[in-house]
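First the structure, in the form of structure tokens, and then the observations on it.
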Amino acid sequence: MATSESPKDVSFSQGIRMMFYAMKPNETSFPNLDEVPDYVKQATPFFISLMLLELVLGWILKGKLAVRVDDALTSISAGILSRLPMLFFRSIEFSTYIYVWEKYRLFNLPWDSPWTWHLTFLGVDLGYYWFHRMAHEVNIMWAAHQTHHSSEAYNLSTALRQSALQVYTSWIFYCPLALIIPPPVYAVHLQFNLLYQFWIHTEVIENLGPLELILNTPSHHRVHHGRNRYCIDKNFAGTLIIWDRIFGTFEAENEKVSYGLTHPINTFEPLKVQFHHMHYIWTTFWITPGLWNKLSVIFKGPGWSPGKPRLGLLEEIPEVTGKEVPYATHVSGSLQLYALVQFALMLGFYEDTFADKDALSQATLLLRSGYIILTLTSIGFLMEQRPQAAILETFRCSVFLMLYWLNYLKPFIPSWTHTFEV
């Protein structure tokens, strides 16, 4: 896709509209994949602006902040981890799509036709519905997707809590489109489908009236993120809620939703958030008797065990009492401020790394990625006040100074060189 330096940067008006899938076909149609803007990358300032707006509106409407520092940092950390592989590999969702398109396409739909644009909109959204549904119904896919559901909060930062593993199965559900849809059109809609789902992660917006019949809305998606029994495996839509209505998975929001996994993991450690269910599958696989049962551990639902239906038993899911208290640690304000400052510095290096990735050596990319993962892990330890947190943070600071003095890291504001060292 096009780089941020290309003439395809979005305008402010386009930036607002792309967040709500309101772009027009004639401004988002491209003959070549290299000309397609990186809309997700260019959405960063809009992510931040909308999160700040949510904070203000939450304070005005409900008299409290909609975000906790520990939970928000964990969510953003997951989003960062999910994107680090892109420093080294082309997205598998594009690589596999291009392969099918070049080898097996049936015919070429015109890339500049509004009919192709709208057909792709429907095709990508339907593909997302079935991928999302299978990500809840197939245990090995749930092991990746559960990352997104692990927050017990529901706000715009939750939308950024993405899995590092999810793309390795999602591509399967889009490949049929490659038989007829040109890759540049697919690339546009894959990004818009993802961006649309950002703003629906909020409690600030309650109900959108008639739009609730057609679109996926904050109300519908709150149900999807609920651990109440009536919320389980409901509302898989990306943009259009019509797919859930057609395939029998729709559920309207009625009683108050309690968010998170049915069995909360109670951690802010980013690697555990990403991979804890993979470890659970591994241990369960080996203690489960019989080859068929072992395969069922992987390919049936996360609630399955021998003698149960494919998706498990709904009555075994813990009932929500309304008295659930989200996992939190009592971290001092000064420690939270320290964590925020270190996180902000790391974000600067993260953005700088992606901006310069084509000019950086593989060794530099590996060292920077390792430092980013180390920083996220250390901040997680600090938020949980682990006994090892001070040692790990001291080690992280030492690694930072070493990489900085060896020129593997540089300040994104050159005049702040001495400040970074301090």
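The values are calculated or read from the model by the stated rules, or taken from the named source; none is laboratory data. Note that the structure is predicted; figures quoted are calculated from it, not measured. All Cβ positions, even for glycine, are placed from backbone atoms using ideal geometry, and neighbour counts span all protein chains on display. We work out accessible area using only protein heavy atoms, side chains counted, and drop any ligands, DNA or RNA first. Shrake-Rupley method; radii C 1.70, N 1.55, O 1.52, S 1.80 Å.
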Those residues that are touching a helix residue (DSSP H, G or I) at 6+ places or on another chain (Cβ under 7 Å), among the hydrophobic types (A, V, I, L, M, F, W, C) and loosely packed, with under 14 Cβ neighbours inside 10 Å, I need them from the range 303-326; list them, please.
314
Just checking, how many residues over the range 217-247 are among the hydrophobic types (A, V, I, L, M, F, W, C) and either surrounded by fewer than 18 Cβ atoms within 10 Å (Cβ to Cβ) or in contact with a strand residue (DSSP E or B) (Cβ under 7 Å, 6 or more places away or on another chain) (or both)?
4
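Regarding the range 171-180, can at least one residue be identified that is of a type in the set (A, V, I, L, M), in contact (Cβ under 8 Å) with a residue 24 or more places away in the chain, surrounded by 20 or more Cβ atoms within 10 Å (Cβ to Cβ) and touching a strand residue (DSSP E or B) at 6+ places or on another chain (Cβ under 8 Å)?
For the range 171-180, residues of a type in the set (A, V, I, L, M), in contact (Cβ under 8 Å) with a residue 24 or more places away in the chain, surrounded by 20 or more Cβ atoms within 10 Å (Cβ to Cβ) and touching a strand residue (DSSP E or B) at 6+ places or on another chain (Cβ under 8 Å): absent.
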Only one of (1) modelled with pLDDT of 95 or more; (2) closer than 22 Å to residue 153 by Cβ; (3) in a loop (DSSP other than H, G, I, E, B) does not apply to residue 274, and that is (3)
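Among the listed residues 44, 28, identify the single one that is outside the structural domain of residue 356 (by the TED database), open to solvent by less than 30 Å² (accessible area, probe 1.4 Å) and within 29 Å of residue 112 (Cα to Cα).
After ruling out the rest, the residue left standing is 28.
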Within the range 138-145, is even one residue within 27 Å of residue 228 (Cα to Cα), within 12 Å of the chain's Cα centre (by Cα) and assigned to a helix (DSSP H, G or I)?
yes
Looking only at the range 278-302, which residues are of a type in the set (S, T, N, Q) and open to solvent by less than 50 Å² (accessible area, probe 1.4 Å)?
284, 288, 293, 296
Filtering the range 248-260 down to residues that are in contact (Cβ under 8 Å) with a residue 40 or more places away in the chain and surrounded by 16 or more Cβ atoms within 10 Å (Cβ to Cβ), which residue is nearest to residue 320 (Cα to Cα)?
258
Applying the selection to the range 65-118, what residues are in a helix (DSSP H, G or I), open to solvent by 80 Å² or more (accessible area, probe 1.4 Å) and more than 30 Å from residue 360 (Cα to Cα)?
102, 103, 104, 115, 118
Per the filter on the range 273-328, residues of a type in the set (Phe, Trp, Tyr) and over 25 Å from the mean Cα position of the chain (by Cα) are 285, 286, 292, 304
Residue pairs qualifying under the 7 Å Cβ cut-off, at least six apart or on distinct chains, with the first in the range 118-141 being touching a residue at least 24 places away in the same chain (Cβ under 8 Å) and charged (D, E, K, R) and the second being open to solvent by less than 10 Å² (accessible area, probe 1.4 Å) and assigned to a helix (DSSP H, G or I), are 125/193
Residue that is outside the structural domain of residue 383 (by the TED database) and closer than 28 Å to residue 165 by Cβ, where the choices are 311, 345, 340:
311
